[in-house]
Amino acid sequence: MSKVVKIGNTYIGGKNPVAIQTMCDIKTSKINDVIKEIEEVYELGCDIIRVAVKDEEDAVAIREIKKYSPIPVVADIHFDYRLALKSIDSGVDKIRINPGNIGGEDKVAAVAKALKESGVAVRVGSNTGSVEKQFLEKYGKNEISLAESALKNVGILEKYGVENIVISAKASDVSLMVKTYRYLAKKTDYPLHIGVTEAGSMNMGVVKNSIGIGSLLLDGIGDTIRVSLTAPVAEEVLAAKRILRSVGADKNYVEIISCPTCGRTAYDMKGLLEYVEKAVSGIKKPLKIAVMGCVVNGPGEAKDCDLGIAGGDGKCVIFKKGEVFLTAAESDARQLFLNEIEKLTGNE
Ligand code: SF4
């Protein structure tokens, strides 16, 4: 099991739930817009937010953002160690740096000292573009060189007594990413930040992330996830939630199962499904609800569901654990089904 690391008011690692992260896509110094975006993703279930710190203005803005953010804020820093120091000074909860690109031992030492004194957490690691030459020469371009590069960066910080470390080693190749994190999980007990990097747009990106992150979570690997997508930030959080639910890491919601429909479907089942999805989207209760395409097979195929509906020829049946207990005209069925959902969820 991984160690527990404190990031602001949140803990990751150990037995803590897998935390969802995303990254703001607005310049950090545009404080009001950034806060609005943080609030939006927080409402959707985001646990930790990262912001890019490109210049001093961004680093200073963190102080104001921190006052309003309901979730921990991570500063993403490249090359300039002074921005790391400034962000820590602004009260950031975690920084993401690469000790190899912030300009020499004395600068790494200065950042490490500030991390140690402040207790601020740090994420270090590697990606396929930053694998150290020594490991490439020794192991070639593979999961070992990628993971060992990340571990080397961890070693640099450990040398200065930094312990609040989270590791990442991302790749856009799903198979390489999965193998790298499996390797890391055997070699270290620091929490792992997992994700497929540069995964693309919604279509392929969601699939790549689901396979990569999902495979690792099913192995019990991964303490925090970021679904990287070229899409609105909110989509990353929604996709992350769906991945966590699909692997059973989040059970506190209403799961909807529905059949693919076939020639036996004789009512507006897709319309009903959309209606039910909206109705239960915010409910936090572990329930399984079925929306099925036909009365003949629907109740039987959804036998393990707490509640279900199936329709055909102008009427619908509502059932519990596969047993029909109510038959109604299709025009009345939506409201009756909703009433039954409310009885189960206590939302009456
Ligand atoms: S439940 Fe009925 S409509 Fe849906 S796929 Fe099965 S047989 Fe077809």
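Observations
- Flag for residue 310 being over 30 Å from residue 43 (Cβ atoms), near the ligand (Cβ under 9 Å from one of its atoms) and among the aliphatic types (A, V, I, L, M): yes
- Filtered residues of region 40-67 (kept if under 30 Å from residue 220 (Cα atoms) and open to solvent by 60 Å² or more (accessible area, probe 1.4 Å)): 40, 42, 43
- Residue 284 under 25 Å from residue 13 (Cβ atoms), among the charged types (D, E, K, R) and more than 16 Å from the ligand (Cβ to nearest atom): yes
- Checking the stated criteria, residue 222 turns out to be at positive phi, more than 16 Å from the ligand (Cβ to nearest atom) and modelled with pLDDT of 95 or more.
- Of everything listed in (1) open to solvent by 10 Å² or more (accessible area, probe 1.4 Å); (2) away from the ligand (no atom under 13 Å from the Cβ), the single unmet condition for residue 301 is (2).
- The residue that is most open to solvent (accessible area, probe 1.4 Å), counting only those in region 256-274 that are near the ligand (Cβ under 8 Å from one of its atoms) and over 29 Å from the mean Cα position of the chain (by Cα), is 264.
- When the helices (runs of 4 or more DSSP H) confined to region 79-185 are screened for residues that are free of Cβ contacts under 8 Å to residues at least 24 places away in the same chain, among the small types (Gly, Ala, Ser) and open to solvent by less than 10 Å² (accessible area, probe 1.4 Å), those reaching at least 1 such residues are found at 143-159.
- Residue tally, condition more than 28 Å from the chain's Cα centre (by Cα) and hydrophobic (A, V, I, L, M, F, W, C), over region 112-135: 2
- Selection from region 186-225 of residues that are of a type outside the set (A, V, I, L, M) and open to solvent by 40 Å² or more (accessible area, probe 1.4 Å): 186, 187, 189, 198, 201, 203, 208, 210, 219, 220
- Flag if residue 28 is modelled with pLDDT of 95 or more, open to solvent by less than 20 Å² (accessible area, probe 1.4 Å), within 22 Å of residue 167 (Cβ to Cβ) and in contact with a helix residue (DSSP H, G or I) (Cβ under 6 Å, 6 or more places away or on another chain): no
The rows are residues; the columns are (1) within 16 Å of the ligand (Cβ to nearest atom); (2) buried (at least 19 other Cβ atoms within 10 Å of the Cβ); (3) without any contact (Cβ under 8 Å) to a residue 40 or more places away in the chain.
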position: 277; (1), (2), (3): no, no, yes
position: 296; (1), (2), (3): yes, no, yes
position: 324; (1), (2), (3): yes, no, yes
position: 335; (1), (2), (3): no, no, yes
position: 338; (1), (2), (3): no, no, no
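- Within region 252-270, residues that are under 18 Å from residue 315 (Cβ atoms) reach partners that are open to solvent by 40 Å² or more (accessible area, probe 1.4 Å) and more than 13 Å from the ligand (Cβ to nearest atom) with beta carbons closer than 8 Å, at six or more positions or on different chains, in the pairs 267/314; 267/330; 268/330.
- The residues listed here are 247, 291; of these, the one that is surrounded by 14 or more Cβ atoms within 10 Å (Cβ to Cβ), β-branched (Val, Ile, Thr) and away from the ligand (no atom under 16 Å from the Cβ) is 247.
- When the strands (runs of 3 or more DSSP E) confined to region 1-77 are screened for residues that are touching a residue at least 12 places away in the same chain (Cβ under 8 Å) and of a type in the set (A, V, I, L, M, F, W, C), those reaching at least 3 such residues are found at 19-23, 48-52, 73-76.
- Residue, farthest from residue 271 (Cα to Cα), within region 296-317, restricted to residues that are among the aliphatic types (A, V, I, L, M) and touching a Gly at 6+ places or on another chain (Cβ under 7 Å): 302
The values are calculated or read from the model by the stated rules, or taken from the named source; none is laboratory data. Note that the coordinates shown come from a computational prediction; the quantities given were computed from them, not determined experimentally. As a convention, Cβ positions derive from the backbone with ideal geometry for all residues, glycine included, and neighbour counts pool all protein chains shown. What goes into the accessible areas is simple: the full protein's heavy atoms, side chains included, and nothing from ligands, DNA or RNA. Shrake-Rupley method; radii C 1.70, N 1.55, O 1.52, S 1.80 Å.
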